[in-house]
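Take a look at the structure below.
The values are calculated or read from the model by the stated rules, or taken from the named source; none is laboratory data. Keep in mind the model is a prediction, meaning the values are calculated, not measured. Cβ: placed from backbone, ideal geometry, glycine included. Neighbour counts: every protein chain shown.
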Amino acid sequence: MKERDEFYDILKDPVSYGREMKERGRKIVGYFCSYTPEEIIYAAGAHPFRIFAVGENIHFADAHFQSYCCSLVRGALEGALAGNLDFLNGAVFPHTCDSIQRLSDIWRMNVKGPFHADIALPVKLDTQSARTYMIDVLKKFRDELASHLRVDITDDKLKNAIGIFNTIRASLKRLYELKAEDPVIISGSDLYAIVKASMMMDRNHLTEVLPAVIEELEKKKGNANPSAGKRIVLAGGVCNHPDIYRIIEEAGGAVIWDDFCTGSRYFEESVVDHADPIAAIAARYMTRPVCPAKHAGIFTRGENLLKIVKEKDARGVVFFFLKFCDPHAFDYPYMKEFLDREGIPNMMLEVEDQLPSEGQLRTRFETFVDML
Amino acid sequence: MNKMPEIVLFFLAKIKKLALHFKKKKKMKEIMMVYYMEAKSARISGRKVAWITSGGPVEPLIAMDVIPVYPENHGAMIGASKMGTDLCEKAESMGYSSDLCSYARSDIACATVNGGPIGGLPRPDMLICCNNICGTVLKWYEVQARYFNVPLFIFDTPFCHVGYAEEAGRYVRRQLDEYVLFLEKACGRKMDSDHLKDVGKLSLEGQRLWQAVLATTANSPAPMTAFDAFYHLALIVTLRGTPLVIDYYTQLLEKMKDRVARGIGAIPNEKYRLLWDNIPIWPRTRWLSEKLASHNACLVADTYTSAWCGTTKYIDENNFFDSMAEAYTRIYLNIGVDEMARTVLEMVDTYKVDGIVMHSNRSCKPYSLGQYDIQKIVEKEKGIPCLMIEADMVDERSFSESQISTRIDAFMEIIKQQKGA
């Protein structure tokens, strides 16, 4: 179907997509993580464009980052230094981990885009003073962006933006639910392509195409034979490897949900309407499932993963980590223990720039799926 | 409460006597021994123990008579006694990746086996985690909060990419009040704010003395090396805010001034002066110090030990409590790479160094990522060479002696040529 081609086209060549948009006169603001308030960028009349890593052939970034820095950070800088991101009017760095923190410094000192914003978010998300501070930094970002782009970011524009993004989040969640209800109606790679491209695609256009995809899947639902695939949840940070879904499916599994910041953490929870839209955006970040670089209690992430497994009736969990991602690596032993205690089979896969060889992966997944 | 058994009373009396004895002599080893003995016997003496991060605000703990214990200092001790690799491997068998911070790995493993050079740290009654040094401590302290099942206070100091933001100042200041409330609840009594003021004054005085001690190495020859500073550092980290620190550094300062006056250098024949960047390679400090001395090179200063006195300019001595919000937020590791580079450039001038040795430390991303840029800036602005050594502060598996030795030789050749042997 043609809508899906559109998503794949963006993934294949995000640079051309960004440049074409720029030529049409759009202002584009690049961003790094799911704590970026896209609503504010959109309300400024600009386009929020998520920056992903260049997967291989890191060359320029090696002059700035050691080999023990994760491939997301090295690959993102590589793209910028190679000139791939010349269409950006600026870049936004919400504070998360130590590596992204230094990426922001090095980007500011070497890429030198027209606009550079740090959103020094609180690290703890479970206190009143952190909430007040979160609102303060988001307001500051609104002011900085407005002044740079010479626009007014009014509350009305923000409320409109919140509406658009709530719709997008709800649509993506609906797609995940449809997949979880009947995994064969859409392949894991297709769903991955849609969600990932959604973070780069023109959002007005996106609100038109997502309902068409949903409608198509709603029609297919129940018509196909129930899938024999064993239901699997993926957990980790960023997933930049669509092949993983296909290999799992070929090994007899089906990815029916995830706890990724390029997945469910991106769309979970709506911004609840509020007299003060910035406070409402902040409130979502305080309640949404957290990134391990943030603190919302010492068991929160383990409990959330268990909840996902139970609610989605999954048989097993695959932890999918980027090598050198410290926050995830620290949480792994306890989250694994949570699963082990409930008798939920799990395995861990750590990836650097590229996936291990397909044969090796297939064997690992086949062994794992057999256990489920 | 049960009556304390005879043996315990005997033990306590012994410690007191030892403490009195050492108060007169003030040798580092003994001070640290008494400190750890007091901490380990806290349960019987009825005092509370808090584990706190190395850059954390310790003054409120001292004012509440809580014994602060520093897992990072413990990590350094584990590293220096070459027990790190075993403990790191133990952590890896518990599921922690070998890429994680080796202080954290050693400490997490040590807590479960009471291993290491002092048989493990005393059990904490509470955990105080200040993230001004890294995000790793947040995850590490979460692990320990789950393991020990004790309250965790997170003192969140927003990163200062370019300066100190007003809203960050308000947030950190509010957390100071939350911190005091947390301590009052944990200890079951009120904070004595007059006492806290006194502790604050002692802390500032200690930091200024430490700065003065480090500043003596601006002299040629330097009366002490950065390796000595790594050793003397323990007190400003662990006992900041107590009179002990003042006494110790006052004496040390006198000794250093005397050496300067008499022209005595730390190494026999100081010809080249170097600056060290990053946390020491604890298990190999002696090797490295001998290696450099063999080239008549002296590590005269470092960016690491000066981190415990680098923010005195933000402290208001008449209002320590309010001003420590800014001081604790703007420490060396919580600022942008460009500001770090400016600090390094200043040190190059102050200490008149001929080159920089940078430890690219696999364990410490906030310290190490950005070093390549600092290296380029220094080489460009000052025209002095920088050597990058890839290693780890505790885990010896990341240390390749022959390779590092060859690189130091080559580096020293360049310096000798530049300076004219």
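For the reader, a short list of remarks on this structure follows.
- Of the helices (runs of 4 or more DSSP H) that lie entirely inside segment B:226-329, those containing 2 or more residues that are of a type in the set (Val, Ile, Thr) span B:226-238, B:243-261.
- Listed by position, the strands (runs of 3 or more DSSP E) enclosed by segment B:18-137 that each have at least 1 residues that are touching a strand residue (DSSP E or B) at 6+ places or on another chain (Cβ under 9 Å), in contact (Cβ under 8 Å) with a residue 60 or more places away in the chain and within 14 Å of chain A (Cβ to nearest Cβ) are B:126-130.
- The set of residues in segment B:72-124 that are acidic (Asp, Glu) and within 21 Å of B:Tyr231 (Cα to Cα) comprises B:Glu72, B:Asp107.
- Every condition in (1) touching a Lys or Arg at 6+ places or on another chain (Cβ under 6 Å); (2) away from chain A (no Cβ under 14 Å); (3) buried (at least 23 other Cβ atoms within 10 Å of the Cβ) holds for B:Thr311 except the one numbered (3).
- Residues in segment A:324-347 that are away from every other protein chain (no Cβ under 11 Å), out of contact with any Phe, Trp or Tyr (no Cβ under 9 Å at 6 or more places or on another chain) and either part of a loop (DSSP other than H, G, I, E, B) or of a type in the set (Ser, Thr, Tyr) (or both): A:Glu342, A:Gly343.
- Within segment A:324-353, considering residues that are touching a strand residue (DSSP E or B) at 6+ places or on another chain (Cβ under 8 Å) and free of Cβ contacts under 8 Å to residues at least 12 places away in the same chain, the one surrounded by the fewest Cβ atoms within 10 Å (Cβ to Cβ): A:Asp340
- Scan of segment A:121-143 for residues that are part of a helix (DSSP H, G or I), over 21 Å from the mean Cα position of the chain (by Cα) and within 11 Å of chain B (Cβ to nearest Cβ), ordered by number: A:Gln128, A:Ser129, A:Ala130, A:Arg131, A:Thr132, A:Tyr133, A:Ile135, A:Asp136, A:Val137, A:Lys139, A:Lys140
- Candidates are the residues of segment B:138-182 that are facing another protein chain (nearest Cβ under 10 Å) and part of a loop (DSSP other than H, G, I, E, B); the one that is nearest to A:Phe338 (Cα to Cα) is B:Asn149.
- B:Gln211 under 17 Å from B:Thr242 (Cα atoms) and touching a Ser or Thr at 6+ places or on another chain (Cβ under 6 Å): no
- The set of residues from segment A:295-320 being facing chain B (nearest Cβ under 8 Å) and part of a strand (DSSP E or B) comprises just one member, A:His295.
- Selection of segment A:73-96 for residues being of a type in the set (A, V, I, L, M) and either at the interface with chain B (Cβ under 10 Å from one of its Cβ atoms) or out of contact with any Ser or Thr (no Cβ under 8 Å at 6 or more places or on another chain) (or both) yields A:Val73, A:Ala76, A:Leu77, A:Ala80, A:Leu81, A:Ala82, A:Leu85, A:Leu88, A:Ala91.
- Which listed residue, of B:Ala234, B:Ala261, B:Ala293, is aliphatic (A, V, I, L, M), surrounded by fewer than 17 Cβ atoms within 10 Å (Cβ to Cβ) and assigned by TED's automatic domain parsing to the domain that holds B:Ser203: B:Ala261
- The residues in segment A:97-120 that are at the interface with chain B (Cβ under 8 Å from one of its Cβ atoms) and either in a loop (DSSP other than H, G, I, E, B) or closer than 16 Å to A:Pro292 by Cα (or both) can be counted, and the count is 5.
- Of all residues in segment B:365-402 being in contact with a Cys (Cβ under 8 Å, 6 or more places away or on another chain) and farther than 28 Å from B:Gly79 by Cα, the one that is surrounded by the fewest Cβ atoms within 10 Å (Cβ to Cβ): B:Glu379
- Inspection of segment B:357-371 identifies at least one residue that is more than 27 Å from B:Ala165 (Cα to Cα) and away from chain A (no Cβ under 12 Å).
- Check on B:Lys376, farther than 13 Å from B:Leu275 by Cα, part of a helix (DSSP H, G or I) and more than 9 Å from chain A (Cβ to nearest Cβ): no
- Candidate set from segment B:314-340 (those that are buried (at least 20 other Cβ atoms within 10 Å of the Cβ) and free of Cβ contacts under 8 Å to residues at least 40 places away in the same chain); member that is nearest to A:Met109 (Cα to Cα): B:Val337
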